[in-house]
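The block underneath contains the structure these notes are about, expressed in structure tokens.
The values are calculated or read from the model by the stated rules, or taken from the named source; none is laboratory data. Computed from a prediction, not measured in an experiment: that's the story for all the values here. Here the Cβ positions follow ideal geometry from the backbone for every residue, glycine too, while neighbour counts run over all protein chains shown. Just the protein is used for accessible areas: all its heavy atoms, side chains included, with ligands, DNA and RNA removed. Shrake-Rupley method; radii C 1.70, N 1.55, O 1.52, S 1.80 Å.
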4 protein chains.
Amino acid sequence: MFQLDVRSRKPIYEQLVDKIKELIINRILKPDEQLPSVRMLSSQLTVNPNTIQRAYRELENQGYIYSIKGKGNFVAAIELKPNEQKLAELKTDLKRLIAEAIYLGLTKDDIYVLFHEAHQQTKGINSDDTGSFR
Amino acid sequence: MFQLDVRSRKPIYEQLVDKIKELIINRILKPDEQLPSVRMLSSQLTVNPNTIQRAYRELENQGYIYSIKGKGNFVAAIELKPNEQKLAELKTDLKRLIAEAIYLGLTKDDIYVLFHEAHQQTKGINSDDTGSFR
Amino acid sequence: MFQLDVRSRKPIYEQLVDKIKELIINRILKPDEQLPSVRMLSSQLTVNPNTIQRAYRELENQGYIYSIKGKGNFVAAIELKPNEQKLAELKTDLKRLIAEAIYLGLTKDDIYVLFHEAHQQTKGINSDDTGSFR
Amino acid sequence: MFQLDVRSRKPIYEQLVDKIKELIINRILKPDEQLPSVRMLSSQLTVNPNTIQRAYRELENQGYIYSIKGKGNFVAAIELKPNEQKLAELKTDLKRLIAEAIYLGLTKDDIYVLFHEAHQQTKGINSDDTGSFR
DNA sequence: GTGGTCTAGACCACG
DNA sequence: GTGGTCTAGACCACC
């Protein structure tokens with residue numbers, strides 16, 4: 001299911017968070033769908049259950065999944081009122097990254113392509129946004 | 001010169017790397033300009049000299065500065081042929097971040113603004129890109 | 001009758017306990033009134049009968065309901081001499097919560113409103129307290 | 001320093017969070033003051049370092065402390081713009097608790113005393129709130 | 001020295 | 001069987 005790099009500087013639980021977040025954002029995991037149980041993922045990835053648990057907990061804190069004791073972990077529905085604070089943080093990060101990329105040769109066409117691809121991936125969540133980019 | 005946030009979860013040396021990188025990208029520090037010495041920065045920022053040293057070493061590894069023993073650290077000239085591999089990596093990161101931001105409500109106008117702002121900052125390094133974004 | 005949130009981190013049986021307790025406190029369920037049977041509630045809420053049973057047992061332990069074998073569960077009469085110990089515990093909790101809320105910006109007007117609303121809900125059980133709060 | 005109840009239903013790390021939060025709210029621990037190190041608290045309380053770590057992490061997530069790798073954990077300054085969402089949640093909890101307390105005999109004088117005491121503890125954070133309660 | 005991550009394995013609470 | 005908590009002890013990153 002996933003590919004983890006245990007030698008990476010990035011903690012395993014963070015890698016997990018990112019991978020699962022991606023699956024949720026790209027609608028591969030759908031709202032209210034059940035995630036693999038802590039123990040199952042643990043044995044599949046040969047990673048300690050605690051590490052999986054921690055990743056799930058982080059995802060819950062960030063609002064991407066919810067967990068029911070004795071039942072399992074499930075994908076959360078999208079919030080209709082998106083978190084403004086989080087979005088603002090993301091924008092700051094994006095700007096920094098874009099500036100660095102421009103320095104390395106990124107063009108406006110590149111960013112157009114990236115946005116378009118990302119938008120396709122998310123399967124048009126924001127319907128008012130399906131128009132042409134330009 | 002800089003403003004460091006000791007409370008941030010991001011290591012101080014990484015903050016330094018990012019800040020200096022930004023100054024270089026935005027042409028505030030120009031090619032072959034000398035950077036402040038480790039000791040000076042260390043006392044100015046009340047930061048351990050080791051931490052400064054580490055930041056400079058990291059910047060050197062990434063190709064943003066070069067150091068001359070006994071003289072100091074200097075801003076590297078822009079590579080006209082930017083590292084394609086790095087740009088590719090950046091694009092991957094960007095795409096991931098953009099997808100997440102769209103999930104949280106980012107619109108095409110938002111990304112337009114971000115690109116525009118970032119482009120202004122870099123002071124039109126890439127002349128083929130000074131036209132209007134739209 | 002109730003609205004349960006299966007996604008909540010609070011166990012379902014506890015949610016049930018709180019809801020029913022609220023109905024009793026607010027006199028919607030009157031003393032000696034019969035509660036819905038375990039089976040009925042179970043099928044209505046599509047919740048495991050064990051869970052309902054557990055909630056009722058908990059309510060009985062706390063003195064809010066009593067059960068008669070073969071007949072059902074019933075709302076207990078109000079104790080005119082309320083449990084002083086419980087009240088003392090509640091006060092401790094309240095004080096802690098109020099302090100935290102003040103730290104986050106709670107004003108005396110806020111607490112006035114809260115008390116007033118809570119008082120309205122209880123429909124003036126304690127007659128010496130029906131006057132204006134201020 | 002603290003007294004923990006290992007037999008309690010409430011997790012140890014949560015007990016720790018509550019205790020430390022209380023010390024911060026009541027200004028016994030002052031902003032930027034260093035908390036005992038994970039290892040020290042761990043041995044003092046004969047609790048596993050991981051459990052302490054988890055409590056500190058939770059406090060950081062809630063904004064009560066901040067941690068610097070290699071340095072320690074420190075009390076965070078109060079946010080000038082308090083978290084409205086958190087306050088709203090607290091109010092809901094408060095209302096429920098107050099209603100229950102009224103049911104058990106709480107009077108408006110009682111709540112007055114509680115608010116007053118809590119306000120004293122917090123050492124008058126909100127200066128516009130030092131007037132008489134009534 | 002400090003915090004941060006991870007494993008191995010245990011026990012409890014919940015449904 | 002599920003998630004949640006905890007211990008024992010290890011290793012790494014940072015300053």
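Quick notes on this one:
- Exposure check, 1.4 Å probe, all protein chains in place: C:Asp32 carries approximately 90 Å² of accessible surface.
- Point-charge dipole on Cβ atoms (K/R +1, D/E -1) for segment D:1-74, about Cα centre, debye to 20: 140
- Temperature 37 °C, viscosity 0.692 mPa s: under these conditions the Stokes-Einstein estimate for chain C, based on its Kirkwood radius over C-alpha pairs, is 194 µm² per second.
- When only the Cβ of Lys, Arg, Asp and Glu is charged (+1, +1, -1, -1), the dipole of segment D:84-129 relative to its Cα centre reaches about 100 debye.
- 7 Å along Cα→Cβ, label-point gaps from B:Arg7 to other copies, nm, shortest first: 3.1, 3.9, 4.1
- Bridging of B:Lys19 to aspartates and glutamates at a Cα separation below 18 Å is possible for A:Glu89, A:Asp93, A:Glu100, B:Asp5, B:Asp32, B:Glu33, B:Glu58, B:Glu60, B:Glu117, once same-chain residues fewer than 8 apart are set aside.
- Placing a label point 7 Å from Cα along the Cα-to-Cβ direction at B:Thr107 gives distances to the equivalent points in the other copies of 2.8, 3.4, 5.8 nm, listed shortest first.
- Over 28 Å (Cα to Cα) - which of C:Lys10/C:Lys71; A:Lys95/D:Lys71; A:Lys71/C:Lys91; C:Lys21/C:Lys69 fall in this group: C:Lys10/C:Lys71; A:Lys95/D:Lys71; A:Lys71/C:Lys91
- Calculated [222 nm] ellipticity per residue, helices only, for chain D: -16500 deg cm²/dmol; basis is -39500 (n - 2.57) per DSSP H run with n ≥ 4, divided by all residues, nearest 500.
- Inter-chain Cβ neighbour average for residues D:108-120, partner chain, 10 Å: 6
- With respect to chain A, whose longest principal axis is taken over its alpha-carbon atoms, helix A:84-103 is tilted by about 60°.
- Among the trypsin sites (Lys or Arg not before Pro) found in segment C:32-115, those both in a DSSP coil and sparsely packed, with 12 or fewer other Cβ atoms within 10 Å of their Cβ, are C:Lys69, C:Lys71.
- Between segment D:64-95 and segment A:76-124, the alpha-carbon centres lie 29 Å apart.
- The other copies place their A:Asn50 label points at 0.2, 2.7, 2.9 nm from this one, listed shortest first, where each point is 7 Å from Cα along Cα→Cβ.
- Rounded to the nearest 20, the Cβ-based charge dipole of chain A about its Cα centre (Lys and Arg +1, Asp and Glu -1) stands at 420 debye.
- With a 10 Å cut-off around each Cβ of D:83-92, the average count of Cβ atoms from other chains is 4.
- Taking all C-alpha pairs of segment B:12-75, those more than 19 Å from each other amount to 20 percent.
- Measuring from each Cβ of chain D to the axis carrying D onto B, the nearest residue and its distance in whole Å come out as D:Asn50, 6.
- In the protein assembly as shown, taking the dipole from charged Cβ atoms about the Cα centre, the farthest positive-side position among B:Leu90, A:Asn48, C:Leu106 is held by A:Asn48.
- At q = 0.13 Å⁻¹, base-10 log of I(q)/I(0) for the protein assembly as shown (Debye sum, equal scatterers on each alpha carbon): -1.46
- Where GluC sites (Glu not before Pro) fall in DSSP loop in segment A:55-93, at most 13 other Cβ within 10 Å: A:Glu79
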